[in-house]
Structure formats: structure tokens, C-alpha cells
Amino acid sequence: MRGEQPWRRNRSVVLRSQATNAEARLWARLRNRQLGGFKFIRQAAIDEYFADFVCRECLLVVEVDGATHSTDEEIARDAQRTAALERLGYRVVRATNTDVVENIEGVLDYLLALLNGEV
């Protein structure tokens, strides 16, 4: 988002520097339009949230979730966040750290199918 507040940019920088192993692995495959020529950005501010990865062109948010997204409270919070992003027109996809680390090709194939309108 152009012209955003400095604290939002600072928060994005901090989140990028604290990326999990799975986030770093996925970013290495999404950056520089490597996935079908689609541009992704990471830790993007959208409304009150920071999305792990966003393709603004296709309004796709990709969230990489670890073990901290397994309690009922966290699942409810994720559902609320997803609903808020969907109200803004985004499609939200969630992958687990395990999915990214053990089956990154499958994750990338699914994302590319979404981006190409095949799913």
C-alpha cells in the first residue's frame, strides 16, 4: 500500500526479519515473479492485518501457519482474519509449515492453479 504509516512499514520489516524456516523457503520460490510470472510481496499490510504473502494482482493472500495456529482460540482468530480479508476481496489460502517444508512443490502447484483460475 503506497503512502502507509511508518509504523506499518517498520512492523513489516520486523516480521520479514523474523520469518520462519517455512516462510523463508516459500519466499525463495515466490520472489522475483518465479511462480508463473505473478508478483508476490511478503508481510504486506492489509487493513489491520499483515499477510505473509500477497499477490495483489490476483487478490490472493497466502498464510503459512505453524503449530501456534492449533488451539480453538487461534483457529477462531484465524477464521475472523480470513473473513475480514475476504470482505476486502482477497482469497485466503493457508498452508502449514509442514506442507511447505515437506511438499513445497505441491503447495506451489496449488497456488499456481489458483492464480491461473483453475481452482
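Once the other residues with Cβ under 10 Å from the Cβ of ASN97 are scored (Lys, Arg +1; Asp, Glu -1), what is the net sum?
Cβ neighbours under 10 Å give a net charge of -3.
Pull up all non-local amide H partners of ILE46: gap of 5 or more, or a different chain, and H-to-H distance under 5 Å with H placed in the peptide plane.
When sequence neighbours closer than 5 places are left aside, the close amide H contacts are ALA51.
Taking amide H atoms as placed 1.01 Å from N in the peptide plane, list the residues 5 or more away in sequence, or in a different chain, whose amide H sits under 5 Å from that of ARG91.
Here LEU60, VAL61 satisfy the definition.
With θ set to phi - 60° and the Karplus curve 6.51 cos²θ - 1.76 cosθ + 1.60, what are the ³J(HN,Hα) couplings of the range 34-48 in order, to the nearest whole Hz, using x for Gly and Pro?
These are the phi-based 3J(HN,Hα) values: 6, 9, x, x, 7, 8, 10, 10, 10, 6, 8, 6, 10, 6, 9 Hz.
Provide the packing ranking of 27-37, 103-113, i.e. peptides ordered by the mean count of other C-beta atoms within 10 Å per residue, highest first.
For the peptides 27-37, 103-113, the packing ranking is 103-113, 27-37.
Can you give the log10 of the normalised intensity I(q)/I(0) at q = 0.15 Å⁻¹, computed with Debye over equal Cα scatterers of the range 23-119?
Calculated log10 I(q)/I(0) at the listed q: -0.57.
Net charge near LEU26: determine it from the other residues with C-beta under 11 Å of the C-beta of LEU26, scoring Lys and Arg +1 and Asp and Glu -1.
Value of the local net charge: 0.
Bear in mind that the values in this text are calculations on the coordinates, not laboratory data. Keep in mind that this is a model prediction, so the values were computed, not measured. Don't worry about glycine lacking a Cβ; one is built from the backbone with ideal geometry, like all the others, and counts go over all protein chains shown.
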